[in-house]
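> Please see the structure below; I have some questions.
Readers should treat all values here as calculations from the given coordinates under stated rules, not as data from a laboratory. Just so we're clear, the structure is a prediction, and the values are computed from it rather than from any experiment. When we count neighbours, we look across all protein chains shown, and the Cβ atoms used for this are built from the backbone with ideal geometry, even at glycine.
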Protein chains: 2
Amino acid sequence: MAQHNAFYAQSGGVTAVINASACGVIEACRRHPDQIGKVYAGHNGIIGALTEDLIDVSQESDEAIAALRHTPGGAFGSCRYKLKDIETHRAQYERLIEVFKAHDIRYFFYNGGGDSADTCLKVSQLSEKLGYPLTAIHVPKTVDNDLPITDNSPGFGSVAKYIATSTLEASLDIASMCATSTKVFVLEVMGRHAGWIAAAGALAGEGEGEPPHLVIFPEVAFDRAAVMARVDACVKEYGYCVIVVSEGARYEDGTFLADSGNTDAFGHRQLGGVAPTLAGMVKQDLGYKYHWAVADYLQRAARHLASKTDVDQAYAVGDKAVELAVAGKNSMMPAIKRVSETPYEWCIEAAPLAEVANREKFMPGEFIREDGFGITAACRRYLSPLIQGEDFPPFENGLPKVAHLKLAKAERKLPDFTI
Amino acid sequence: MAQHNAFYAQSGGVTAVINASACGVIEACRRHPDQIGKVYAGHNGIIGALTEDLIDVSQESDEAIAALRHTPGGAFGSCRYKLKDIETHRAQYERLIEVFKAHDIRYFFYNGGGDSADTCLKVSQLSEKLGYPLTAIHVPKTVDNDLPITDNSPGFGSVAKYIATSTLEASLDIASMCATSTKVFVLEVMGRHAGWIAAAGALAGEGEGEPPHLVIFPEVAFDRAAVMARVDACVKEYGYCVIVVSEGARYEDGTFLADSGNTDAFGHRQLGGVAPTLAGMVKQDLGYKYHWAVADYLQRAARHLASKTDVDQAYAVGDKAVELAVAGKNSMMPAIKRVSETPYEWCIEAAPLAEVANREKFMPGEFIREDGFGITAACRRYLSPLIQGEDFPPFENGLPKVAHLKLAKAERKLPDFTI
């Protein structure tokens, strides 16, 4: 069988385990020398392909690639850049073909979330619409857990474990202090449109009165009076109140509690600051002393506390992507299928990319408790397996060891291209 | 030798390892049945003693006590409450004597920071000034690392490891994203008056251009123009800029960058929100896209990432406190002494409490780099040993296991007392 090269790139917000997927892709490619020659990594996602800014992964040692499994962030650089339609922006697609031809690239692996799945879907049409023989596979990743088809998204399990653990730990802190000091603690977590990460905070406690006492979801319209009444009741009953709030928390009319006024490169509003906003309400309406934390990037970079389930799945989708590609399956995404819940078992199945792209998976209504402030037993059954197991990185000199790649650039063969 | 009971309590902001000190105290007491009978823990610190709100620790199993070693927060409740002078508030001291007499308490262990050392010092005067035979030992604890005499404070090493690790991890995240998205990341850390925790963030990188690119200390007057110039230079040179900023960052005139306007029970100003304040300056002055995180309680509760050195030292000061007490050494504090730096070796030595109380240890000038934005090699040599080693807690069902105590109250023998 003829040997051709592969392209791999990372897109969208990175996670604690996206490099584990990179590791899965690259190690699998190295197991198929008959079909796959070099792996070129796009520097900063699809931008690397468009600008012929390619990293020659063949120059990285097996050890360096193995170390990607325990390295957070996106080792090859990620991007927030969405390809336009092939019909209206044909020049970009022709450029991609030029670059792929110049480097004999016939396998395309794109590692990202919903927006990136759309980019991958468009690239996968190169073969059909422009006659270039490319097999494009999307490798799923997103801390938001909002990809459809797949039971869960790699990256989510680790942030869920981090948020659940942090909520548990901080709750013990505030429980110690509440008699004479802080009574309300607010932890702001990611999740623009879907409350999956906020829901994970609820895994910290289960019994009556166990923190977190309130989870505030984007899916439930924020009712200040109802929230404050509940906070007050908790402080009076338990002595303190722990709140996990999603950055996407919003009022009935859709206005976010904390709208920073900025938009990201995809046109999404950049959020942040709901925790201090909510803490301010607590102070104003109830007068309780508060503390608040905004985990921000810490939560999605916390490889030191990754879920082993998540790391295994992130690696597996990368590995499986290559298997699908060498089997000639274009425009697919390896999806995680939950085979059984107790004990938790999973496998990887291929899903058509057209069914994945541009669709968000919201929390099912039955996952949110009737009062809107917590999760149901069904949600707990869904979430709990995803945070199971630890996969601590090696430490050196007190800090996690991370991969150090050469990141040698492939020789450029084409003229510049402006995106 | 006659057997008497002991009192142990936790005071001030709790840490990831204050319960390891509790474990050290209680296990050591159990090793001295000839001299020490029951241990009574004060519920919510000294308030538990004043109000005769005592937890009978003898009812806790050895296993439960051992589990304290890996449980964050303050298991017996902490407090922010400072005893007034013995001369002006004699009634409180007489009440303490009544409670101690009623429960045959002759050993007093108080686990806290600078303010708590002051309380312990005052209690230690009961024997001399009021003739009650009490041996009072202060068990050091503070994430702020601002206790004098001791080379470092138990609790600091773990928060230092957490902040260094989080800075490293988040820096990898932003480095991946900076080409098309976030260019500046701001992490706010604790440290009201001393920049020890902010300095620990600098352990994340050492080489030229390695993040964090700026550390902003309370010890260095904040100069907006200078900071922004440096941020801009970093973004232009490295593509991004990571800033670790102390909550205590302040202007030349002493005004805090972010003053929430509240004060805590000790009269200290409650701070918070310097990260969004600084991020706002970045947006306003430079126009760069930013993200910010405020670790708040997460940093001092993060037992899952404790420094083994710190856990060992926290246990050791608890253990040694009991040894000092049974040897009749009143008004002392077990202090950590650095015996050698390479390899790092330490021991515990007794320090007179009068030399500890009400004194803050600031960062030595020679620990801050000349430009004010980083740490010196001397500071790195000092800090590095404190984050060495991991001491992961056991995990169960995906989350850290924590101690579950009975917290049975001792029978009350006295009338109520209002504090």
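> Hey, in chain A, which Cys have no second cysteine's beta-carbon closer than 4.7 Å?
A:C23, A:C29, A:C79, A:C120, A:C178, A:C347, A:C379
> Ranking B:K38, A:K161 by Cβ neighbours within 10 Å, fewest first, what do you get? Don't skip to the answer; put the middle values down first.
Values: B:K38 19, A:K161 32.
Ranking B:K38, A:K161 by Cβ neighbours within 10 Å, fewest first, gives B:K38, A:K161.
> For the residues B:I387, B:I47, B:I86, what sequence is obtained by ranking on other C-beta atoms within 10 Å, fewest first? Walk me through the intermediate numbers first.
Numbers: B:I387 29, B:I47 20, B:I86 17.
Least to most surrounded, the residues fall as B:I86, B:I47, B:I387.
> Note the distances from A:E94 to each other copy's matching label point, with points 7 Å along the Cα-to-beta-carbon direction, in nm, sorted shortest first.
So the distances to the same position in the other copies read 9.8 nm.
> Tell me, what is the FRET efficiency for A:S340 and B:R381 to the nearest 0.05, using R0 = 56 angstrom and their Cβ-Cβ distance as r?
Rounded to the nearest 0.05, the efficiency is 0.60.
> Sticking with this structure for a sec: What value, in deg cm²/dmol to 500, does the helix sum -39500 (n - 2.57) over DSSP H runs of n ≥ 4 give at 222 nm once divided by the residues of chain A?
Details: 12 runs with 141 residues, N = 419.
Dividing the helical sum by the residues of chain A leaves -10500 deg cm²/dmol.
> Need one number: nm distance between label points at B:A226 and A:R30, each 7 Å from Cα along Cα→Cβ, rounded to one decimal.
Once both label points are built, they end up 4.8 nm from each other.
> Something else now. Here are some pairs, A:K101/A:K413; B:K122/B:K409; A:K289/B:K409; B:K308/B:K401; A:K101/A:K122; which of them have Cα atoms lying more than 20 Å apart in this structure? Let's see the in-between values first.
Details: A:K101/A:K413 10 Å; B:K122/B:K409 26 Å; A:K289/B:K409 27 Å; B:K308/B:K401 17 Å; A:K101/A:K122 18 Å.
Long pairs (Cα-Cα over 20 Å): B:K122/B:K409; A:K289/B:K409.
> Another question, then. Multiplying the sequence separation of B:Y251 and B:E366 by 0.36 nm and subtracting their Cα-Cα distance, what value in nm do you get? Each step should come with its number before you reach the end.
Values: separation 115, 0.36 × 115 = 41.40 nm, distance 2.07 nm.
Full-extension gain reported as 39.3 nm.
> Okay, next question. Out of residues 5 or more away from A:D53 or on other chains, whose amide H comes under 5 Å of its own, with H placed 1.01 Å from N in the peptide plane?
Residues meeting the amide H criterion: A:H43.
> Further question: Run the numbers for B:K129 and B:R359: contour at 0.36 nm per residue of separation, minus the present Cα-Cα distance, in nm.
Details: separation 230, 0.36 × 230 = 82.80 nm, distance 2.30 nm.
Net length gain for the segment: 80.5 nm.
> Please work out which residue of chain A brings its Cβ closest to the axis of the rotation superposing A onto B, and round that distance to whole Å.
For chain A, the closest residue to the axis carrying it onto B is A:V294, 2.
> Another question, if that's okay. Suppose the chain between B:D259 and B:E206 were pulled fully straight at 0.36 nm per residue; how much longer would it get relative to their current alpha carbon spacing?
Numbers: separation 53, 0.36 × 53 = 19.08 nm, distance 3.16 nm.
Between B:D259 and B:E206, full extension yields 15.9 nm more.
> All other residues with a Cβ under 15 Å from the Cβ of B:Q3 taken together, and with Lys, Arg as +1 and Asp, Glu as -1, what is their net charge?
Working: positive: B:R30, B:R31, B:K38, B:R106; negative: B:D34, B:D104.
That sum, taken over residues with Cβ under 15 Å, equals +2.
> Would you mind finding the longest exposed-site-free stretch of chain A, with exposed GluC sites (Glu not before Pro) meaning DSSP loop and at most 16 other Cβ atoms within 10 Å?
Within chain A, the longest run free of exposed GluC sites (Glu not before Pro) spans A:88-205.
> Mind jotting down the distance between the C-alpha centroids of region B:1-67 and region A:210-237, whole Å?
For region A:210-237 versus region B:1-67, the Cα centre distance is 35 Å.
> With an 8 Å Cα cut-off and a minimum separation of 6 or more residues, compute the relative contact order for region A:156-303 in percent. Please list the in-between numbers first.
Values: 289 pairs, mean separation 45.3, N = 148.
Averaging sequence separation for qualifying contacts and normalising by length gives 31 percent for region A:156-303.
> Taking other Cβ within 10 Å of each residue's Cβ, how do A:W292, B:W196, A:W346 sort, fewest first?
On the way: A:W292 26, B:W196 31, A:W346 18.
In increasing order of surrounding Cβ atoms, one gets A:W346, A:W292, B:W196.
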